[in-house]
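For reference, the structure is listed below as structure tokens.
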There are 6 protein chains.
Amino acid sequence: MSEVAGPMAIQQGAKYLEMAQGGHGVLLGGVPGVDPATVVIIGGGGVGINAAKLACGLGAKVYILDIDLNRLRYLSDVMPGHCFTLMSSPAAIRDVLPKADVVVGGVLVPGSKTPTLVTREMLKTMKKGSVLVDVSIDQGGCFETSRETTHADPTYTVDGIVHYAVSNMPGALPRTSTLALNNATLPYAVEIANKGWKKVMQENPEIRRGANVVSGHVTYKGVADAFGFEHVNIDKLIFRKTD
Amino acid sequence: MSEVAGPMAIQQGAKYLEMAQGGHGVLLGGVPGVDPATVVIIGGGGVGINAAKLACGLGAKVYILDIDLNRLRYLSDVMPGHCFTLMSSPAAIRDVLPKADVVVGGVLVPGSKTPTLVTREMLKTMKKGSVLVDVSIDQGGCFETSRETTHADPTYTVDGIVHYAVSNMPGALPRTSTLALNNATLPYAVEIANKGWKKVMQENPEIRRGANVVSGHVTYKGVADAFGFEHVNIDKLIFRKTD
Amino acid sequence: MSEVAGPMAIQQGAKYLEMAQGGHGVLLGGVPGVDPATVVIIGGGGVGINAAKLACGLGAKVYILDIDLNRLRYLSDVMPGHCFTLMSSPAAIRDVLPKADVVVGGVLVPGSKTPTLVTREMLKTMKKGSVLVDVSIDQGGCFETSRETTHADPTYTVDGIVHYAVSNMPGALPRTSTLALNNATLPYAVEIANKGWKKVMQENPEIRRGANVVSGHVTYKGVADAFGFEHVNIDKLIFRKTD
Amino acid sequence: MSEVAGPMAIQQGAKYLEMAQGGHGVLLGGVPGVDPATVVIIGGGGVGINAAKLACGLGAKVYILDIDLNRLRYLSDVMPGHCFTLMSSPAAIRDVLPKADVVVGGVLVPGSKTPTLVTREMLKTMKKGSVLVDVSIDQGGCFETSRETTHADPTYTVDGIVHYAVSNMPGALPRTSTLALNNATLPYAVEIANKGWKKVMQENPEIRRGANVVSGHVTYKGVADAFGFEHVNIDKLIFRKTD
Amino acid sequence: MSEVAGPMAIQQGAKYLEMAQGGHGVLLGGVPGVDPATVVIIGGGGVGINAAKLACGLGAKVYILDIDLNRLRYLSDVMPGHCFTLMSSPAAIRDVLPKADVVVGGVLVPGSKTPTLVTREMLKTMKKGSVLVDVSIDQGGCFETSRETTHADPTYTVDGIVHYAVSNMPGALPRTSTLALNNATLPYAVEIANKGWKKVMQENPEIRRGANVVSGHVTYKGVADAFGFEHVNIDKLIFRKTD
Amino acid sequence: MSEVAGPMAIQQGAKYLEMAQGGHGVLLGGVPGVDPATVVIIGGGGVGINAAKLACGLGAKVYILDIDLNRLRYLSDVMPGHCFTLMSSPAAIRDVLPKADVVVGGVLVPGSKTPTLVTREMLKTMKKGSVLVDVSIDQGGCFETSRETTHADPTYTVDGIVHYAVSNMPGALPRTSTLALNNATLPYAVEIANKGWKKVMQENPEIRRGANVVSGHVTYKGVADAFGFEHVNIDKLIFRKTD
């Protein structure tokens, strides 16, 4: 769903910059003669690239941070000139936050709790009325001050910074989201329906790797670690003798 | 202010497409594998071009209509490939409305009431849950079903179509708007301050043309016609013998 | 040769849209004030991306369909904004055909007969005078109504739809095609010339996989299946004891 | 109609580069690893810019020549990087012709015979099998070797160079052409219908300038000069006392 | 010559950022993962737009300042997304200087001494090792600390800031400069040669306006004011009775 | 460091084209109405793509040559239209050199001496005053006439062609280079610091492959071959029994 969540994060950021919404009243893209706003996107994966495309489309200055140099090279090949790539590090984040009008947290560690990338202390260096959007809230969030919100009451303010941390962002745009999700999952669903779950898991390593729980055992290491369960290798459960 | 109102019209359109806001739940820009939404912009002037840049930036399919062929040529020179220019006419508007997810009315006839370009009857051909944004509401609006709204209660629905018609849209983004307005008006303000109003009007025809009321007389023809007042030629008031 | 066939497919489509050629008289790219034509490209591989680049270059609205979501993501990274990516499915093809002025069939299943993607029944939903170009005709074609044609007599019409299905399209542009083919094949030719066929096949799995017939046995599964021959594993033929 | 003729000129050039059509078998846009063809466009007005957009879209190297430096500046602002602007002169044309695969003559001197820009002698410096497209053939053509052709028999060859000089090029794409023509002329037609021809000519100098013959007198200087008629100032005919 | 001087200013700025040249050792365009340098261009005319194109091409963040809002609108239409337009004012210049790695002074007031836009005091807010390039040095320069230099010894340092102020910059690239100058001036030269100077001045107001000295009288007001000479209206000198 | 060396190669090429520096006085990017210069980049890897981006940014005509067709395809996907990709071969290099104003040698064979790609004889076909920049000089250079130079005395001339072959080009821009190098190497440094060199070499094959000398033995084949030392397989040294 990251392809929907990324653009939505920017749209929400733009919206909560409106003064009536708590923001400091800045247009993301500026206008001729007025300097545009600055968007900082932490994480250059699926969420990040799609957020960056939209933010660039709006005309903002966009910084995208990632720790994978090859990903940064690819981003600098395909993104327009106002998408500036930065090697991510605590120092780099600290440097860029004071410029930001919108910060998008788009770091996802598959199946694990997201690391904390922006601490409460760092908030103090930011402009009052700027907006944080935490796309990784489903897995714990990447801002220290993030706590899950809902579409009905999506934001709260900490130290003058607006926080948006709705846990199911794409739910607001169900038509697009459903199509996107179908596109990504239908091939797997068809294969599972045709073969039954166990056969699919035996034959298709991609689906096997996606299993979280099999016969009551947690087979996904990230999930087991995050919740303190015992991790069982899925191979022991699906390749047993009786098969 | 059109440079702020144009982009804002698209941001509002994007927001009210969210299902919780009354829209039909579509992301303007689509995602890989999903067809993007369609934006129709009526009027290719200052509001229109800035709205179109933003809508293109978001990744939508964008139609921009104008009656000035030279303006359409310029737009097709400088806009990206997914900004499709159309010669405006009642027939062209009728043709394109059924495709639209967001329609922006950006036609301004200086000092006059805006013509009605989208009738109530045409609404019936549109998709339920699509959004109309009337930027020309300050001068009467260009949709038959437009009525002025406020930032506190910005939308209403007619025949399943969401209407957004806040009369002072840029007011929501006061920082950017103030800078933009200053850039456009400061040179005039300085000149007026230095010379006094009457001298400026005598010397600078651009400012003279901008006068609405002088010594209690309506000197702007469009305003006089719209409100039923007598129109007095400003020259008679400022170039009198005693000067 | 797909890099030549892709652009040529669009050039042929543009040509047969001329009314004297049987088409409905539309310019692919439109002009300022006139809506451009729509090109649908089925298959986002080598043929598809090169066809899409050209169609976008001409200014058309371009839909490109593929079943590989990662390919669609890459296409949406590198193609301009008027190249709309769609997840391919029978439903998606059915939806997009009525809009099309030119349809390019660019699906190639290596060594196998191409699946039928557009049925005769679907033709009825298309505009009279639109053009189908079947690049996969060499391997059976991907339109039900395709039958192989020649450069001397390249088109025929079914149900009002112009069909172009020349089996050796790049043959019309021999200079570019020869260079392109050389670039792609010379490294293999040099290696084969230096080592002899059997040694190359033993050492270079890429060339080994390309073998169609060895010592009278069909070693390419797709070919064997398509023509009803027995398939023999090439390893048995080239790694025999006597070597 | 220049907005249709420009792109069509490139499409025809691409087509007649096919070997079966007499050309030397080169793809305009090249493919990865193969140098693209070169297009030379003489005249940077309406025909030229639209031809250049299309040729750039196809991926060719494009030279556009004009004698108006401000027009070249504008072209270099809005065209992509592979559209190279050149100040036109006999020397510049002579320099660039040997590189050309397609040459488009798009110089129009309103109401006058076009000057000869490419002489027969210059043809000898060009590559055999390259293509000349003369868009200004309606007004005499800008290549010495141009003679008018028809859609039925559109080309002939001089000194190994294919010539395309159909006098009504847009006639091949009537749908697009009709719309484009309507967009450009409808406003005048409406005004003429509403006011009658004489009143319109008195009131609208733009229409007055367009008149060719009034009451049997040739009122357009270029036409009078070209055909050896007497030129009568239109003012004498429409502003007579009796009006 | 501004079309040569603009790009050259950026090339010189890039060169003097090298540490061995006195600069602070920064690459204008950055690399993937490293933030690019910032270029500030004061003046959005011929020098400015050409400097900005090059600086954007190098991948820098580019700010261009001008006092003409319509020019800024045009720049924002045709320049890429990392060219940020700012309404020029002393405050705006003061704000943006501390970010700058290279500053280009490209303000030309025809025939008059350039105003001082960057004072010595402002230099103190700039980064040590950044570079000022004063393209307007021929007419006095727009930095308080500018003094004319030569290609042989092009730079000097004030308060840690490298100054480049060669008065005939295009002289370093004579081939391109000569062609550019010819393109701009040849039409005038031909006309002068054909008609003689006096006739040309009588007939062509553009050339008349360009005259600096006629029969020993200074006829160009800006020049007369700058050097303290009496200004004589050229009309009195060339339209005398005896003509 | 190739991401710094690539752009620098172009900046140096632009600088040494200045006539005072020995070049023939051409601006890389041309100006409106003047044909731009031509840059030839041999090698489409890290150096090449970054050099090409900059050269395109400057507005030059850019040819990039590589022997990997897939790399050329990627380059043609992401680079602008004036970056022309060519399949590299001795014939292709010979063809393109006479057009070149700047040639960048960016071929690196990891750990081996670079092959000679431009011979002294080929220099004679080039324009006097054009510039060769050899980025691969650290590993022997790819022009026959290359010999290592320094930032203090960076160029020399052979047969009228300026040669720039500074062996540590990025050293001139230490700020950017240090950041770029850190980004690329810090992850390895951290891992080495945490685990100690031997453990890292045992666990991380990427670092293991980077080792040049272990316990006095040359473990990098390219280095051993180039300098005539015996090559010892690193596995024998780090996976010994005693571990």
In the range F:37-56, residues that are facing chain E (nearest Cβ under 9 Å) and not in a helix (DSSP H, G or I) total 1
When restricted to A:Val107, A:Val39, the only residue within 15 Å of the chain's Cα centre (by Cα), at pLDDT below 95 and within 20 Å of A:Val131 (Cβ to Cβ) is A:Val107
Would you call C:Gly129 within 14 Å of chain B (Cβ to nearest Cβ), surrounded by 20 or more Cβ atoms within 10 Å (Cβ to Cβ) and assigned to a loop (DSSP other than H, G, I, E, B)?
no
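From the list D:Ala172, D:Ala180, D:Ala152, pick out the single residue that is aliphatic (A, V, I, L, M) and free of Cβ contacts under 8 Å to residues at least 40 places away in the same chain. Working first, answer last.
Working: D:Ala172 fails: free of Cβ contacts under 8 Å to residues at least 40 places away in the same chain; D:Ala180 fails: free of Cβ contacts under 8 Å to residues at least 40 places away in the same chain.
When all the criteria are applied, what remains is D:Ala152.
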Could you please tell me which pairs satisfy a Cβ distance under 7 Å, a separation of 6+ or placement on different chains, a first residue in the range F:204-217 that is at positive phi, and a second residue that is assigned to a strand (DSSP E or B)?
none
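Hey, can you tell me all the residues within the range D:205-223 that are among the polar types (S, T, N, Q) and in contact with a Phe, Trp or Tyr (Cβ under 8 Å, 6 or more places away or on another chain)?
Within the range D:205-223, just D:Asn212 meets the criteria.
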Against the conditions (1) closer than 22 Å to E:Ile42 by Cα; (2) modelled with pLDDT under 90, where does E:Ala165 fall short? Just the number, please.
(2)
Can you pull out every residue in the range D:60-87 that is part of a helix (DSSP H, G or I), closer than 24 Å to D:Gly13 by Cα and at the interface with chain F (Cβ under 8 Å from one of its Cβ atoms)?
D:Leu72, D:Leu75, D:Ser76
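Filter the range A:132-149 down to residues that are crowded, with 24+ Cβ neighbours inside 10 Å and under 11 Å from the mean Cα position of the chain (by Cα), then give me how many there are.
Of the residues in the range A:132-149, 6 are crowded, with 24+ Cβ neighbours inside 10 Å and under 11 Å from the mean Cα position of the chain (by Cα).
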Residues of the range F:68-95 classified as closer than 23 Å to C:Cys56 by Cα and of a type in the set (Lys, Arg), total:
2
The lone exception for B:Leu108 - which of (1) open to solvent by 30 Å² or more (accessible area, probe 1.4 Å); (2) at positive phi it fails
(2)
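Matching residues to (1) in contact with a strand residue (DSSP E or B) (Cβ under 8 Å, 6 or more places away or on another chain); (2) closer than 23 Å to B:Val78 by Cα; (3) open to solvent by 20 Å² or more (accessible area, probe 1.4 Å):
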position	(1), (2), (3)
C:Met8	no, no, no
C:Lys15	no, no, no
C:Leu28	yes, yes, no
C:Gly33	yes, yes, no
C:Ala37	yes, yes, no
C:Leu69	yes, no, yes
Yes or no: B:Ala152 within 21 Å of B:Lys53 (Cα to Cα) and within 14 Å of another protein chain (Cβ to nearest Cβ)?
no
Tally up the residues in the range C:112-121 that are surrounded by 20 or more Cβ atoms within 10 Å (Cβ to Cβ) and not in a strand (DSSP E or B), please.
2
Condition broken by F:Gly22, with the remaining ones in (1) within 9 Å of another protein chain (Cβ to nearest Cβ); (2) more than 20 Å from the chain's Cα centre (by Cα); (3) touching a residue at least 60 places away in the same chain (Cβ under 8 Å) satisfied:
(1)
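If a residue counts only when it is open to solvent by less than 30 Å² (accessible area, probe 1.4 Å), in contact with a helix residue (DSSP H, G or I) (Cβ under 7 Å, 6 or more places away or on another chain) and more than 14 Å from every other protein chain (Cβ to nearest Cβ), which helices (runs of 4 or more DSSP H) contained entirely in the range A:159-239 have at least 2 such residues?
It comes to A:197-203, A:234-238.
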Does D:Asp95 satisfy the condition of being within 14 Å of chain F (Cβ to nearest Cβ), among the acidic types (Asp, Glu), over 30 Å from C:Gln21 (Cβ atoms) and open to solvent by less than 30 Å² (accessible area, probe 1.4 Å)?
no
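The values are calculated or read from the model by the stated rules, or taken from the named source; none is laboratory data. If you're wondering where the values come from, they're calculated on a predicted model, not measured in any experiment. Neighbour counts are summed over all protein chains in view; Cβ atoms, including those assigned to glycine, are modelled from backbone coordinates with ideal geometry. Areas reflect the complete protein model, heavy atoms only, side chains present, ligands, DNA and RNA absent. Shrake-Rupley method; radii C 1.70, N 1.55, O 1.52, S 1.80 Å.
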